[in-house]
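J.: Below is the structure I would like to discuss, written out as structure tokens.
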Amino acid sequence: MTIRFIAASQLPTPWATFMLHGFQEEATGKEHVVLTLGDVTTPEPVLARVHSECLTGDALFSMRCDCGYQLQEALKRIADEGRGALLYLRQEGRGIGLLNKIRAYALQDDGADTVEANERLGFGADQRRYDICVPMLEHLGIQSLRLMTNNPRKVEALAGDGVEIHERLPITTGRNPFNEHYLTTKVGKLNHMMDLDDFTPASDVDIERDA
């Protein structure tokens, strides 16, 4: 896999000023970014998250999933630590694309769960790939990860591609009445390693809805 580094710039956020590194897949033209904070080239394992694009959750504040909540929580943790990396992969809808995700949402509105909806559309439950992370990590000099994820498939895939996973850290935030079935499905059908009782609300809005 050939991925070209394009450019880097500062990116101020509410939690810290990160460096934003842009990359492009030569074969597809698809663009990915990595946010880094501090010196990530030292041998100590880097606090990191590999996050797949979710327009509805990350940018439109959807409460149907926990993606946007996880994104913010990961950036906060990295800022608190003063060192880390967030790889943002353009793999919308677990790899099926935005419009197909909306089609899947329509099926979920009629009672399907998140896995059933993808399968009814002719897709696998999760079509994401993680080999694209390897050249970006190598370019940035990142040697080992303390990976924030609940997804065992992500850990296995990255390790299988040669990425050293020093430890896995759970990331459990954003549970609300609109995503409880989604989270339950991720545990039951996608084998995500998380206990719903460990989830914390991500905002005052969620706390009010849970009351």
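The values are calculated or read from the model by the stated rules, or taken from the named source; none is laboratory data. For clarity, every value in this text was computed on a predicted model and none was experimentally measured. Here the Cβ positions follow ideal geometry from the backbone for every residue, glycine too, while neighbour counts run over all protein chains shown.
J.: Which one is nearest to the chain's Cα centre (by Cα), of the residues in the stretch 99-117 that are in a loop (DSSP other than H, G, I, E, B) and of a type in the set (Asp, Glu)?
T.: Here the residue is Asp113.
J.: Pick from Val34, Val40: which is closer than 23 Å to Val163 by Cα and not in a strand (DSSP E or B)? Give the derivation first.
T.: Numbers: Val34 fails: not in a strand (DSSP E or B).
So the residue among Val34, Val40 that is closer than 23 Å to Val163 by Cα and not in a strand (DSSP E or B) is Val40.
J.: Out of the residues in the stretch 19-31 meeting the condition of being touching a residue at least 40 places away in the same chain (Cβ under 8 Å) and part of a strand (DSSP E or B), tell me which one is surrounded by the fewest Cβ atoms within 10 Å (Cβ to Cβ).
T.: By that ranking, first place goes to Glu31.
J.: If you don't mind, there's one more thing I want to ask. One residue is enough: does the stretch 136-151 have a residue meeting the conditions at pLDDT 90 or above, farther than 27 Å from Ile3 by Cα and part of a strand (DSSP E or B)? Can you show your working first?
T.: At the first step, the residues of the stretch 136-151 found to be at pLDDT 90 or above are 136-151.
Filter again for farther than 27 Å from Ile3 by Cα, leaving none.
Among the residues of the stretch 136-151, not one is at pLDDT 90 or above, farther than 27 Å from Ile3 by Cα and part of a strand (DSSP E or B), which makes the answer no.
J.: Is it true that some residue in the stretch 38-46 is closer than 25 Å to Gly93 by Cβ, aliphatic (A, V, I, L, M) and buried (at least 21 other Cβ atoms within 10 Å of the Cβ)? Working first, answer last.
T.: Here is the first cut: in the stretch 38-46, the residues closer than 25 Å to Gly93 by Cβ are none.
No.
J.: Here are the criteria: (1) free of Cβ contacts under 8 Å to residues at least 40 places away in the same chain; (2) surrounded by 11 or more Cβ atoms within 10 Å (Cβ to Cβ); (3) at positive phi. Tell me which single one Arg4 does not satisfy.
T.: Here Arg4 clears every test but (3).
J.: Continuing with the same structure: Being over 18 Å from Ile171 (Cβ atoms) and either in contact (Cβ under 8 Å) with a residue 60 or more places away in the chain or not polar (S, T, N, Q) (or both) is the filter here, so list the residues in the stretch 35-54 that pass it.
T.: If the condition is that a residue be over 18 Å from Ile171 (Cβ atoms) and either in contact (Cβ under 8 Å) with a residue 60 or more places away in the chain or not polar (S, T, N, Q) (or both), then Thr36, Gly38, Asp39, Val40, Thr41, Pro43, Glu44 are the ones that fit.
J.: Here's something else I'd like to know. Is there a residue in the stretch 202-210 that is surrounded by 13 or more Cβ atoms within 10 Å (Cβ to Cβ), out of contact with any Ser or Thr (no Cβ under 6 Å at 6 or more places or on another chain) and within 29 Å of Asp39 (Cβ to Cβ)?
T.: Scanning the stretch 202-210 turns up no residue that is surrounded by 13 or more Cβ atoms within 10 Å (Cβ to Cβ), out of contact with any Ser or Thr (no Cβ under 6 Å at 6 or more places or on another chain) and within 29 Å of Asp39 (Cβ to Cβ).
J.: Answer with yes or no whether Val155 is within 16 Å of the chain's Cα centre (by Cα), within 22 Å of Arg77 (Cβ to Cβ) and touching a residue at least 12 places away in the same chain (Cβ under 8 Å).
T.: Numbers: within 16 Å of the chain's Cα centre (by Cα): yes; within 22 Å of Arg77 (Cβ to Cβ): yes; touching a residue at least 12 places away in the same chain (Cβ under 8 Å): yes.
Yes; evaluated as a whole, the condition is true for this residue.
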